[in-house]
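What follows is a set of notes on a single structure, which appears directly below.
The values are calculated or read from the model by the stated rules, or taken from the named source; none is laboratory data. Remember, predicted model here, so these are calculated numbers, not experimental data. Because the Cβ atoms are built from the backbone with ideal geometry, glycine has one as well, and the counts that use them run over all protein chains shown. For the accessible areas, the whole protein counts, side chains as well, though only heavy atoms, and no ligand, DNA or RNA atoms are used. Shrake-Rupley method; radii C 1.70, N 1.55, O 1.52, S 1.80 Å.
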Amino acid sequence: MLCQTFGVNHIKRGAPIRPVPAGSYLLGDAFDEGYPFDGEGPQRHVELAEFDIDETPVTNAQFSVFADETGYVTDAERYGDSAVFHLAVSAPRDGVLGAAAGAPWWLRVRGADWKHPGGELSDLSDLADHPVVHVSWTDAAAYASWAGRALPTEAQWEAAARGGLVAARYAWGDELTPDDRWMCNIWQGRFPTANTREDGWLATSPVRTYPANGLGIYDVAGNVWEWCADAFTPTPPEPPGSRPLPIVHEERRVTRGGSYLCHDSYCNRYRVAARTGNTPDSTTGNCGFRTVSAL
Ligand SMILES: [Ca+2]
(Lines give C-alpha, C1' and ligand atoms only; values in the text may rest on other atoms or scores of the structure.)
Protein backbone atom coordinates (compact mmCIF):
# COMPACT_ATOMS: atom_id res chain seq x y z
CA MET A 1 0.00 0.00 0.00
CA LEU A 2 2.85 2.32 0.86
CA CYS A 3 4.52 1.81 -2.52
CA GLN A 4 1.24 2.33 -4.32
CA THR A 5 0.75 5.64 -2.54
CA PHE A 6 4.23 6.74 -3.48
CA GLY A 7 3.67 5.58 -7.06
CA VAL A 8 0.53 7.67 -7.42
CA ASN A 9 2.33 10.61 -5.90
CA HIS A 10 5.13 10.27 -8.39
CA ILE A 11 2.75 10.06 -11.35
CA LYS A 12 1.22 13.35 -10.24
CA ARG A 13 4.71 14.78 -10.59
CA GLY A 14 4.79 13.73 -14.20
CA ALA A 15 6.89 10.60 -14.39
CA PRO A 16 5.14 7.62 -15.98
CA ILE A 17 6.20 4.30 -14.51
CA ARG A 18 6.27 0.70 -15.73
CA PRO A 19 5.89 -2.47 -13.68
CA VAL A 20 8.63 -5.09 -13.67
CA PRO A 21 7.32 -8.48 -12.58
CA ALA A 22 8.74 -10.52 -9.76
CA GLY A 23 10.92 -13.39 -10.86
CA SER A 24 14.32 -14.91 -11.34
CA TYR A 25 16.37 -12.83 -13.76
CA LEU A 26 19.49 -14.01 -15.57
CA LEU A 27 21.93 -11.10 -15.46
CA GLY A 28 25.43 -10.59 -16.82
CA ASP A 29 27.29 -10.83 -20.12
CA ALA A 30 26.33 -13.91 -22.19
CA PHE A 31 28.89 -13.14 -24.91
CA ASP A 32 32.11 -12.49 -22.98
CA GLU A 33 32.31 -9.08 -24.68
CA GLY A 34 32.81 -6.88 -21.65
CA TYR A 35 35.99 -5.22 -20.47
CA PRO A 36 37.60 -7.70 -18.04
CA PHE A 37 37.93 -5.08 -15.31
CA ASP A 38 34.21 -4.19 -15.50
CA GLY A 39 32.95 -7.43 -13.95
CA GLU A 40 30.07 -8.12 -16.31
CA GLY A 41 30.28 -11.84 -15.66
CA PRO A 42 29.77 -14.53 -14.79
CA GLN A 43 26.10 -14.73 -15.63
CA ARG A 44 24.00 -15.21 -12.54
CA HIS A 45 20.37 -15.52 -11.49
CA VAL A 46 18.90 -12.88 -9.22
CA GLU A 47 15.52 -13.15 -7.51
CA LEU A 48 13.59 -9.90 -7.53
CA ALA A 49 10.30 -8.86 -6.00
CA GLU A 50 7.92 -6.87 -8.21
CA PHE A 51 8.83 -3.21 -8.56
CA ASP A 52 8.10 -0.35 -10.89
CA ILE A 53 10.56 1.88 -12.69
CA ASP A 54 10.39 5.24 -14.41
CA GLU A 55 9.53 4.78 -18.06
CA THR A 56 12.36 7.14 -19.02
CA PRO A 57 15.33 8.81 -17.38
CA VAL A 58 14.27 11.79 -15.25
CA THR A 59 13.87 14.73 -17.61
CA ASN A 60 14.80 18.37 -17.19
CA ALA A 61 11.09 19.21 -16.86
CA GLN A 62 10.67 16.67 -14.06
CA PHE A 63 13.83 17.76 -12.27
CA SER A 64 12.67 21.38 -12.52
CA VAL A 65 9.57 20.54 -10.46
CA PHE A 66 11.79 19.06 -7.75
CA ALA A 67 14.19 22.02 -7.77
CA ASP A 68 11.35 24.58 -7.75
CA GLU A 69 9.49 22.88 -4.91
CA THR A 70 12.48 22.28 -2.69
CA GLY A 71 15.03 24.93 -3.63
CA TYR A 72 17.54 22.11 -3.92
CA VAL A 73 20.99 23.19 -5.11
CA THR A 74 22.87 20.49 -7.02
CA ASP A 75 26.51 19.64 -6.47
CA ALA A 76 27.55 21.15 -9.83
CA GLU A 77 25.81 24.42 -8.95
CA ARG A 78 27.76 24.50 -5.70
CA TYR A 79 31.05 23.64 -7.44
CA GLY A 80 30.51 26.31 -10.09
CA ASP A 81 31.64 24.00 -12.90
CA SER A 82 31.08 20.56 -14.37
CA ALA A 83 32.42 18.25 -17.08
CA VAL A 84 31.20 18.95 -20.62
CA PHE A 85 32.12 17.01 -23.78
CA HIS A 86 34.29 19.28 -25.92
CA LEU A 87 31.89 19.42 -28.88
CA ALA A 88 28.96 20.31 -26.60
CA VAL A 89 30.53 23.32 -24.89
CA SER A 90 28.53 26.55 -25.00
CA ALA A 91 30.63 28.96 -22.99
CA PRO A 92 32.93 31.92 -23.43
CA ARG A 93 36.55 31.01 -24.13
CA ASP A 94 37.63 31.79 -20.58
CA GLY A 95 34.84 29.56 -19.28
CA VAL A 96 36.83 26.44 -20.15
CA LEU A 97 38.89 25.77 -17.05
CA GLY A 98 40.79 22.67 -18.08
CA ALA A 99 40.69 19.17 -19.54
CA ALA A 100 40.51 15.80 -17.85
CA ALA A 101 43.78 13.91 -17.61
CA GLY A 102 43.64 10.89 -19.87
CA ALA A 103 40.33 11.98 -21.42
CA PRO A 104 41.00 15.42 -22.97
CA TRP A 105 37.58 15.44 -24.66
CA TRP A 106 36.12 16.16 -21.21
CA LEU A 107 36.42 19.84 -20.36
CA ARG A 108 35.80 21.44 -17.00
CA VAL A 109 33.44 24.28 -17.85
CA ARG A 110 32.54 27.14 -15.53
CA GLY A 111 28.81 27.53 -14.99
CA ALA A 112 27.94 24.11 -16.41
CA ASP A 113 25.12 22.54 -14.41
CA TRP A 114 21.74 20.93 -15.03
CA LYS A 115 20.21 24.26 -16.14
CA HIS A 116 23.22 25.06 -18.34
CA PRO A 117 24.33 21.73 -19.81
CA GLY A 118 26.89 23.24 -22.20
CA GLY A 119 28.09 26.04 -19.91
CA GLU A 120 27.16 29.66 -19.26
CA LEU A 121 25.86 30.34 -22.77
CA SER A 122 23.45 27.38 -22.75
CA ASP A 123 20.03 26.90 -21.21
CA LEU A 124 17.19 24.39 -21.26
CA SER A 125 15.48 25.77 -24.35
CA ASP A 126 14.25 22.78 -26.36
CA LEU A 127 15.64 20.43 -23.71
CA ALA A 128 12.59 20.00 -21.43
CA ASP A 129 12.14 16.39 -22.50
CA HIS A 130 15.86 15.54 -22.51
CA PRO A 131 17.33 13.65 -19.55
CA VAL A 132 18.65 15.87 -16.78
CA VAL A 133 22.47 15.77 -16.66
CA HIS A 134 25.24 17.23 -14.48
CA VAL A 135 23.59 15.55 -11.49
CA SER A 136 25.68 13.69 -8.96
CA TRP A 137 24.66 10.45 -7.27
CA THR A 138 23.85 12.58 -4.24
CA ASP A 139 21.58 14.82 -6.32
CA ALA A 140 19.86 11.80 -7.87
CA ALA A 141 19.28 10.25 -4.46
CA ALA A 142 17.82 13.55 -3.19
CA TYR A 143 15.35 13.65 -6.08
CA ALA A 144 14.37 10.03 -5.50
CA SER A 145 13.77 10.69 -1.81
CA TRP A 146 11.61 13.72 -2.62
CA ALA A 147 9.55 11.59 -4.99
CA GLY A 148 9.08 8.91 -2.32
CA ARG A 149 11.10 6.53 -4.43
CA ALA A 150 14.64 5.15 -4.68
CA LEU A 151 17.48 4.74 -7.09
CA PRO A 152 17.34 1.29 -8.69
CA THR A 153 19.64 -1.38 -7.44
CA GLU A 154 21.95 -2.56 -10.18
CA ALA A 155 20.02 -5.83 -10.39
CA GLN A 156 16.70 -3.99 -10.73
CA TRP A 157 18.14 -1.74 -13.42
CA GLU A 158 19.43 -4.63 -15.53
CA ALA A 159 16.30 -6.74 -15.08
CA ALA A 160 14.19 -3.81 -16.26
CA ALA A 161 16.55 -2.92 -19.10
CA ARG A 162 16.48 -6.45 -20.50
CA GLY A 163 12.79 -5.94 -21.28
CA GLY A 164 11.80 -9.59 -20.95
CA LEU A 165 14.55 -10.92 -23.23
CA VAL A 166 16.86 -13.58 -21.79
CA ALA A 167 20.63 -13.26 -22.30
CA ALA A 168 20.32 -10.84 -25.22
CA ARG A 169 23.19 -8.52 -26.12
CA TYR A 170 21.05 -5.38 -26.24
CA ALA A 171 17.74 -4.31 -24.73
CA TRP A 172 16.04 -5.13 -28.05
CA GLY A 173 17.93 -8.24 -29.23
CA ASP A 174 21.39 -9.18 -30.46
CA GLU A 175 21.82 -6.82 -33.44
CA LEU A 176 22.87 -3.22 -32.91
CA THR A 177 20.91 -1.84 -35.87
CA PRO A 178 18.16 -4.30 -36.87
CA ASP A 179 16.94 -3.49 -40.40
CA ASP A 180 19.56 -0.70 -40.39
CA ARG A 181 17.57 1.18 -37.77
CA TRP A 182 19.24 2.95 -34.86
CA MET A 183 17.73 1.81 -31.57
CA CYS A 184 19.62 4.14 -29.25
CA ASN A 185 21.62 7.37 -29.12
CA ILE A 186 25.34 6.56 -29.21
CA TRP A 187 28.33 7.82 -31.22
CA GLN A 188 28.81 7.27 -34.94
CA GLY A 189 31.99 8.26 -36.72
CA ARG A 190 35.47 8.68 -35.31
CA PHE A 191 35.58 9.23 -31.56
CA PRO A 192 36.07 11.86 -30.19
CA THR A 193 36.35 14.30 -33.08
CA ALA A 194 33.91 13.40 -35.89
CA ASN A 195 30.34 12.40 -35.10
CA THR A 196 28.29 11.65 -38.24
CA ARG A 197 25.07 11.71 -36.18
CA GLU A 198 23.51 8.83 -38.08
CA ASP A 199 21.18 8.38 -35.11
CA GLY A 200 20.30 12.08 -35.23
CA TRP A 201 22.03 13.36 -32.10
CA LEU A 202 25.44 14.59 -30.99
CA ALA A 203 24.60 14.93 -27.29
CA THR A 204 21.40 14.07 -25.39
CA SER A 205 18.23 13.18 -27.27
CA PRO A 206 14.63 13.61 -26.12
CA VAL A 207 13.44 10.62 -24.11
CA ARG A 208 11.34 8.16 -26.15
CA THR A 209 13.18 9.05 -29.38
CA TYR A 210 13.92 5.36 -29.90
CA PRO A 211 11.62 2.36 -29.39
CA ALA A 212 10.80 1.06 -25.91
CA ASN A 213 12.00 -2.36 -24.84
CA GLY A 214 9.63 -5.26 -24.22
CA LEU A 215 8.54 -3.86 -20.87
CA GLY A 216 7.69 -0.44 -22.31
CA ILE A 217 10.84 1.16 -20.88
CA TYR A 218 12.77 3.73 -22.91
CA ASP A 219 16.37 4.92 -23.17
CA VAL A 220 18.09 2.12 -21.29
CA ALA A 221 20.90 2.11 -23.88
CA GLY A 222 22.89 5.20 -24.79
CA ASN A 223 21.67 8.78 -24.29
CA VAL A 224 22.82 9.13 -20.64
CA TRP A 225 24.43 6.89 -18.06
CA GLU A 226 22.13 6.21 -15.13
CA TRP A 227 23.13 6.14 -11.47
CA CYS A 228 22.23 3.03 -9.49
CA ALA A 229 22.01 2.64 -5.72
CA ASP A 230 24.89 0.19 -5.42
CA ALA A 231 28.54 0.70 -4.69
CA PHE A 232 30.61 -0.28 -7.73
CA THR A 233 32.98 -3.18 -7.39
CA PRO A 234 34.93 -4.59 -10.35
CA THR A 235 33.21 -7.90 -9.81
CA PRO A 236 29.46 -8.54 -9.78
CA PRO A 237 27.79 -8.42 -6.38
CA GLU A 238 28.55 -11.63 -4.50
CA PRO A 239 26.27 -13.10 -3.44
CA PRO A 240 23.97 -11.52 -6.02
CA GLY A 241 20.92 -9.89 -4.63
CA SER A 242 18.31 -7.25 -5.06
CA ARG A 243 19.55 -5.07 -2.20
CA PRO A 244 22.23 -2.45 -2.75
CA LEU A 245 25.72 -3.29 -1.59
CA PRO A 246 26.86 -1.55 1.57
CA ILE A 247 28.41 1.77 0.66
CA VAL A 248 31.78 2.91 1.94
CA HIS A 249 32.44 6.64 2.03
CA GLU A 250 33.58 7.98 -1.34
CA GLU A 251 33.38 4.56 -2.96
CA ARG A 252 32.28 4.59 -6.58
CA ARG A 253 28.62 4.03 -7.39
CA VAL A 254 27.36 1.93 -10.27
CA THR A 255 26.29 3.59 -13.49
CA ARG A 256 24.54 1.67 -16.26
CA GLY A 257 23.37 2.01 -19.85
CA GLY A 258 26.11 3.94 -21.64
CA SER A 259 25.69 7.36 -23.19
CA TYR A 260 25.73 9.39 -26.39
CA LEU A 261 29.52 9.11 -26.27
CA CYS A 262 29.67 5.33 -26.44
CA HIS A 263 31.24 3.83 -29.54
CA ASP A 264 32.59 0.39 -30.29
CA SER A 265 36.11 1.81 -30.58
CA TYR A 266 36.03 3.51 -27.23
CA CYS A 267 33.30 2.29 -24.88
CA ASN A 268 30.91 -0.42 -26.04
CA ARG A 269 28.92 -0.14 -22.85
CA TYR A 270 25.55 0.31 -24.54
CA ARG A 271 25.27 -3.48 -24.25
CA VAL A 272 22.68 -4.33 -21.61
CA ALA A 273 25.16 -6.18 -19.34
CA ALA A 274 27.69 -3.34 -19.38
CA ARG A 275 28.56 -1.50 -16.20
CA THR A 276 30.92 1.06 -14.83
CA GLY A 277 31.07 3.43 -11.88
CA ASN A 278 31.90 6.92 -10.74
CA THR A 279 32.37 8.71 -7.44
CA PRO A 280 29.09 9.94 -5.91
CA ASP A 281 30.08 13.60 -6.17
CA SER A 282 30.95 13.40 -9.88
CA THR A 283 28.88 15.41 -12.35
CA THR A 284 29.08 15.19 -16.14
CA GLY A 285 27.05 16.12 -19.18
CA ASN A 286 26.30 12.49 -19.99
CA CYS A 287 25.02 11.04 -16.70
CA GLY A 288 21.48 11.15 -15.33
CA PHE A 289 19.22 8.66 -13.56
CA ARG A 290 15.76 7.18 -13.17
CA THR A 291 13.95 5.96 -10.06
CA VAL A 292 12.10 2.86 -8.85
CA SER A 293 9.44 2.18 -6.25
CA ALA A 294 10.91 2.23 -2.76
CA LEU A 295 11.36 -1.18 -1.09
CA1 LIG B 1 24.24 10.06 -31.27
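Mind running the shape call on the stretch 62-143? Use the C-alpha gyration tensor, a ≥ b ≥ c as the square roots of the eigenvalues: rounded below 1.5 for a/c, prolate if a/b tops b/c, oblate otherwise.
It comes out prolate by the Cα gyration axes.
Express the carbon and sulfur contribution to the solvent-accessible surface of the chain as a percent, rounded to the nearest whole number, probe 1.4 angstrom.
54 percent
Could you pull out the chymotrypsin sites (Phe, Trp or Tyr not before Pro) across the stretch 260-295 that fall in loop regions by DSSP (anything but H, G, I, E, B) with no more than 16 other Cβ atoms inside 10 Å?
Sites meeting the loop and neighbour criteria: 266.
Under the rule of -39500 (n - 2.57) per DSSP H run of 4 or more residues, summed and divided by the residues of the chain, what mean residue ellipticity at 222 nm is obtained, to the nearest 500 deg cm²/dmol?
-4500 deg cm²/dmol
Dipole of the chain (Lys/Arg Cβ +1, Asp/Glu Cβ -1, origin at the Cα centre): which of 193, 125, 287 lies farthest to the positive side?
125
If I model the chain as equal point scatterers sitting on the Cα atoms and use the Debye formula, what is log10 I(q)/I(0) at q = 0.07, 0.08, 0.10, 0.16 Å⁻¹?
-0.23, -0.30, -0.48, -1.35
Treating only the Cβ of Lys, Arg, Asp and Glu as charged (+1, +1, -1, -1), what charge dipole size does the chain show about its Cα centre? Round to the nearest 20 debye.
My answer is approximately 160 debye.
Among 28, 79, 114, pick out the residue whose Cα is farthest towards the positive end of the charge dipole of the stretch 21-178, where Lys and Arg carry +1 and Asp and Glu carry -1 on C-beta, about the Cα centre.
It is 79.
Please give the charge dipole size of the stretch 109-229, origin at the Cα centre, charges +1 on K and R Cβ atoms and -1 on D and E Cβ atoms. Round to the nearest 20 debye.
120 debye
With a 1.4 Å probe and every protein chain left in place, work out the accessible area per residue of the chain in Å², rounded to a whole number.
Using a 1.4 Å probe on heavy atoms only, each residue of the chain averages 43 Å².
Under the Kirkwood approximation applied to all pairs of distinct alpha-carbon atoms, what is the hydrodynamic radius of the stretch 1-151 in Å?
So the Kirkwood estimate lands at 17.9 Å.
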